[in-house]
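What follows is one structure encoded as structure tokens, with my remarks underneath.
The values are calculated or read from the model by the stated rules, or taken from the named source; none is laboratory data. Keep in mind it's a predicted model, so treat the numbers as computed, not measured. Backbone-built Cβ (ideal geometry, glycine too); neighbour counts: all protein chains shown. Calculation scope for accessible area: heavy atoms of the full protein, side chains included, ligands and nucleic acids excluded. Shrake-Rupley method; radii C 1.70, N 1.55, O 1.52, S 1.80 Å.
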Amino acid sequence: MSSFKLKGEEDLDELYYDRDDDRLQDINAEYAENVDLPVIKTTSTYTGPKEKNHVGLIIKICVFALLAAGVYFLVDKFLIKKDAKELKDCVNMTTEQLEKELGVKLTRNDTTAKRVRHYSNSSLVTDGNGEIAVLYMDGKQLGIHIDSEKYKLYGIEIYMPRYEVEKKMTYEKENTMQILNDMYEGVSTSVFYYNQTRNDCVMVNYNDNTNRVVSITYFNDLEKITERLMMN
């Protein structure tokens, strides 16, 4: 099919196109101008994703661990009663042997010597630490002395009531004698549980106010430590 245009129609089209171009340019120029937009205020404090505070977490864990360790120490030291170590196999040990056995350090002529009751004509020498001591007389090992709840001897423990001692003691005694003295915070009684056949004894000091054990001593020479006593 053939198409026909009137004379001057092409000029008319160009005129319309020119007018449209001018109008578009005017519109673009109008919107291209800077426009002041209203400022929108916000109360948000968000500044983006934050890094995790690992240092703070580590400090909290350390503080908690320290508190837990402190609680365990207090409970273990003051609330849980530990079994006393039996020393019946240590009664004839030298200072060096007992130090190695118990992991302690013993000092020559400590205050223990003043607390050990004996009736010998010789002087007593001790190697102790205030809790336990090795006894010597005339250069010979004479036994051991206990002042601490950490240790027991022949089933006898510090602070044990006297009636329990009579029932629980494993030392094989043949006889008993007792002597009144004033060594331990007032009046106390020294009871000698002895075996003349073996020539040894266990001396237990009881506080007369509480009737409980305050110290325990083993002597391996009964005759020596009773030289000034009349024994049948």
Residue pairs meeting the criteria (Cβ under 8 Å; at least 6 apart or on separate chains; first farther than 19 Å from residue 116 by Cβ, in the range 193-210; second open to solvent by less than 10 Å² (accessible area, probe 1.4 Å) and in a strand (DSSP E or B)): 195/201
Test: residue 159 is within 18 Å of residue 189 (Cα to Cα), surrounded by fewer than 21 Cβ atoms within 10 Å (Cβ to Cβ) and within 29 Å of the chain's Cα centre (by Cα): yes
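Yes or no, residue by residue, for (1) crowded, with 22+ Cβ neighbours inside 10 Å; (2) touching a Phe, Trp or Tyr at 6+ places or on another chain (Cβ under 8 Å):
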position	(1), (2)
142	yes, yes
149	no, yes
166	no, no
175	no, yes
187	no, no
198	no, no
203	yes, yes
Test: residue 211 is under 40 Å from the mean Cα position of the chain (by Cα), more than 20 Å from residue 137 (Cα to Cα) and modelled with pLDDT of 90 or more: yes
Check on residue 116, in contact (Cβ under 8 Å) with a residue 60 or more places away in the chain and either in a loop (DSSP other than H, G, I, E, B) or not small (Gly, Ala, Ser) (or both): yes
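For every residue, the table says whether it meets (1) closer than 21 Å to residue 110 by Cα; (2) β-branched (Val, Ile, Thr); (3) modelled with pLDDT under 95.
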position	(1), (2), (3)
144	yes, yes, no
158	yes, yes, no
167	no, no, yes
178	no, no, yes
185	yes, no, yes
199	no, no, no
218	yes, no, no
230	no, no, yes
Selection status of residue 98, buried (at least 17 other Cβ atoms within 10 Å of the Cβ) and more than 21 Å from residue 224 (Cα to Cα): yes
Close pairs from the range 143-160: first touching a residue at least 60 places away in the same chain (Cβ under 8 Å) and at positive phi, partner among the aromatic types (Phe, Trp, Tyr) and not in a strand (DSSP E or B), Cβ under 9 Å, at least 6 apart: 154/171; 155/171
Yes/no for residue 173 being in a loop (DSSP other than H, G, I, E, B), basic (Lys, Arg) and in contact (Cβ under 8 Å) with a residue 12 or more places away in the chain: yes
